[in-house]
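The structure appears below as structure tokens.
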Amino acid sequence: MMAHHDAGGAGAIHSIGNDARSLAQFIRSGWFKPVHVQSTVSQEMRTLLMSREFFVNKLHDHENEIRGLLRPFGLKADRIAAGDFEARVRELVEGRPNLELCMSALLRRCTEMQTQLAELHRALLRLTANDELCRGFMIIPGVGPVTALARSRHWPSRRRSTTRGASGARVMSELTLARHRDNTSLERPA
């Protein structure tokens with residue numbers, strides 16, 4: 001199968017055979033080196049973690065948007081527990097039909113996102129409960145299921161690493177950094 005020539009006619013004729021020969025020559029010349037491609041399971045774990053993170057961030061953004069919409073009216077839904085947010089907003093807009101309509105629609109969306117987040121979080125908990133490496137990580141104080149799953153995704157590649165310094169103490173310090181600590185709740189940090 002022949003590909004088209006460039007406009008000047010000076011280009012090489014492209015074919016599958018020529019492309020294969022060129023690729024073989026690149027490999028022989030050392031231009032390319034073997035790389036590790038993550039397994040499908042590892043990519044699925046990453047997708048689960050990223051999807052959960054997406055919902056956590058969007059839920060936080062959505063709640064902040066509601067707070068911002070209420071502020072011009074002098075209504076404040078300050079820091080309150082996640083479960084009390086909807087009740088507090090409904091209490092603030094009570095007796096204002098237009099605000100009740102708008103906030104009701106936005107709060108329904110929040111509830112949908114919380115339901116989806118809870119579903120993803122339950123899936124994450126099931127994965128970590130059934131994974132021996134994750135359970136081992138969660139023995140370390142301050143390491144919850146999110147950190148354990150995120151770290152276990154990279155664990156095989158760390159063992160393959162040719163660099164020195166992947167000691168147990170270093171791994172433990174990476175796992176328990178304050179900004180990466182988590183627990184099994186759906187609460188977001190304040």
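If R0 is 35 Å, what FRET efficiency do you get for F26 and F54 from their C-beta distance, rounded to 0.05? Intermediate results must be reported in sequence, preceding the final value.
Numbers: r = 38 Å, r/R0 = 1.09.
With R0 = 35 Å, the Cβ-Cβ based efficiency is 0.40.
Reducing the stretch 38-77 and the stretch 79-128 to their Cα centroids gives an inter-centroid distance of 12 Å. The distance between label points at R67 and L101 comes to 2.7 nm (points 7 Å beyond Cα on the Cα→Cβ vector).
When the Cα positions of Q116, P141, H154 are compared along the charge dipole of the stretch 108-159, H154 comes out farthest toward the positive end, with charges on each C-beta of Lys, Arg, Asp and Glu.
Just so you know, all these numbers are worked out from the coordinates, no wet-lab data involved. This is a predicted model, so every value here is computed, not measured. A quick note on method: Cβ atoms are made from the backbone with ideal geometry, for glycine too, and the neighbour counts reach across all protein chains shown.
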